[in-house]
1. Hey, what do the phi angles of segment 32-42 turn into as Karplus ³J(HN,Hα) couplings, whole Hz, using 6.51/-1.76/1.60 and θ = phi - 60°, x for Gly and Pro?
2. Karplus couplings for segment 72-77 from phi (6.51 cos²θ - 1.76 cosθ + 1.60, θ = phi - 60°), rounded to Hz, Gly and Pro as x?
3. Amide H to amide H, which residues 5 or more places from A69 or on other chains are under 5 Å from it, using H placed in the peptide plane?
4. When the accessible area of the chain is computed with all protein chains present and a 1.4 Å probe, what percentage of it is carbon and sulfur?
5. Taking θ as phi - 60°, what are the ³J(HN,Hα) couplings along segment 44-51 by the Karplus curve (6.51, -1.76, 1.60), each to the nearest whole Hz, with x for Gly and Pro?
6. Please compute the length gained on full extension between H42 and V4, using 0.36 nm multiplied by the number of residues separating them and subtracting their Cα-Cα distance.
7. Quick check for segment 1-48: number of Lys pairs with alpha-carbon distance under 15 Å, counting only pairs 8 or more apart or on different chains?
8. Limiting things to C-alpha atoms, what are the Rg and the maximum Cα-Cα separation (Dmax) for the chain, in angstroms?
Amino acid sequence: MSNVESLFKQANLITKKYEDHFKKPLPEQILGWWDPLNIELHPDELKKGIKNMETDINAAIASNTPIEALPDKEWDKFIF
């Protein structure tokens, strides 16, 4: 298993923790914790993003405040 695959496995576990707590999926329309176009060449960015993701999700769970998706109007302004 590559380093990137291992990090994504960790991200999936963190996502599951969120979804188990809130009983709903982690929103897709959020500005994430890493640039998906950049991770293959920069796994350190992904590693840092996973750490930030875990911090944010743990804070959401601790405060019992779900992460909110960006409204469609705002989301549509981004170019991916």
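The values are calculated or read from the model by the stated rules, or taken from the named source; none is laboratory data. Source: prediction; values computed, not measured. With ligands, DNA and RNA removed, areas are computed over all heavy atoms of the protein, side chains included. Shrake-Rupley method; radii C 1.70, N 1.55, O 1.52, S 1.80 Å.
1. Karplus values, whole Hz, x for Gly and Pro: x, 9, 7, 8, x, 7, 10, 6, 4, 8, 9.
2. Result, ordered by residue: 3, 4, 6, 4, 5, 6 Hz.
3. none
4. 55 percent
5. Here the 3J(HN,Hα) series is 5, 5, 5, 4, 5, x, 5, 4 Hz.
6. Fully extending the segment from H42 to V4 adds 12.7 nm.
7. Within segment 1-48, the lysine pair count is 4.
8. In order Rg, Dmax, the Cα atoms of the chain give 13.3, 39 Å.
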